[in-house]
Amino acid sequence: MTARWYVINTYSGQEGRARQALLERVKTHGREESIIDVVIPEENVVEIVKGQRRSSKRKFLPGYLLVNMDLDDELWHIVKNTQKITGFVGAGSRPTPIPEEDVKRMMGQATSAKAKPLVEFEEGEDVRVIAGPFSNFSGTVGEVRPEKEQVQVLVAVFGRSTPVWLGFEHVEKV
């Protein structure tokens with residue numbers, strides 16, 4: 001048999017503990033060679049708090065683990081009876097492996113070099129400028145460029161609406 005990827009359901013917020021419990025349980029049963037990898041699907045996000053950029057990790061599949069393993073009946077029982085794990089994802093009594101392409105796509109999302117912004121702006125939304133020459137001005141979002149982390153804000157200057165391009169870190173929602 002060859003190793004395949006499976007999705008395991010865990011208690012939400014307990015993914016790290018479930019991963020650790022699974023690795024320890026497999027080791028005590030002498031089946032370490034059957035599990036190749038256990039991954040918590042996470043992505044890097046950038047959030048702006050009080051004008052400061054902060055990078056952090058966010059689970060994009062909360063409550064789930066991806067496990068690459070050579071599954072048999074014994075290993076199925078070991079995994080299923082591990083603390084913090086509620087079971088496998090799949091129809092019927094046997095877990096369904098997920099395609100390798102899906103896992104690679106998820107891993108690509110998780111390991112992308114550029115962090116994804118956590119704050120999202122929408123056209124027509126009211127915002128306030130918190131840094132730069134237009135600090136303390138209020139305006140309306142005209143256009144959003146998430147790939148460049150920029151937003152066009154229509155600011156009233158001398159009674160006229162003036163479009164200004166600003167970085168996400170220079171603007172906050174009202």
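Values quoted throughout were computed directly from the atomic coordinates according to the rules given, and no laboratory measurement underlies them. Nothing here was measured: the structure is a model prediction, and the numbers come from that model. Neighbour counts run over all protein chains shown; Cβ positions are idealised from the backbone, glycine included.
Averaging the Cα positions of each part gives two centres, and for segment 1-78 and segment 137-172 these lie 40 Å apart.
Modelled spin labels at Glu101 and Lys57, positioned 7 Å past Cα toward Cβ, are 2.8 nm from each other.
So which trypsin sites (Lys or Arg not before Pro) in segment 123-174 are both in a DSSP loop and have at most 13 other Cβ atoms within 10 Å of their Cβ?
Values: sites: Arg128, Lys148, Arg160, Lys173; in loops: Lys148.
Here the sparse-neighbourhood loop sites are Lys148.
Which of these, Pro133, Pro99, Pro146, has the largest mean-square fluctuation under a Gaussian network model of the chain (Cα springs below 10 Å)? Maximum fluctuation in the GNM of the chain, among the listed residues, is at Pro133. Length gained on full extension, Ser12 to Ala131, computed as 0.36 nm times the residue gap minus the Cα-Cα distance: 39.1 nm. Using θ = phi - 60° in the Karplus curve 6.51 cos²θ - 1.76 cosθ + 1.60, the 3J(HN,Hα) couplings for segment 66-71 round to 9, 10, 9, 8, 9, 7 Hz; x is entered for Gly and Pro.
Run the numbers for Ala91 and Arg160: contour at 0.36 nm per residue of separation, minus the present Cα-Cα distance, in nm. Walk me through the numbers before you get to the answer.
Values: separation 69, 0.36 × 69 = 24.84 nm, distance 6.01 nm.
Here the answer is 18.8 nm.
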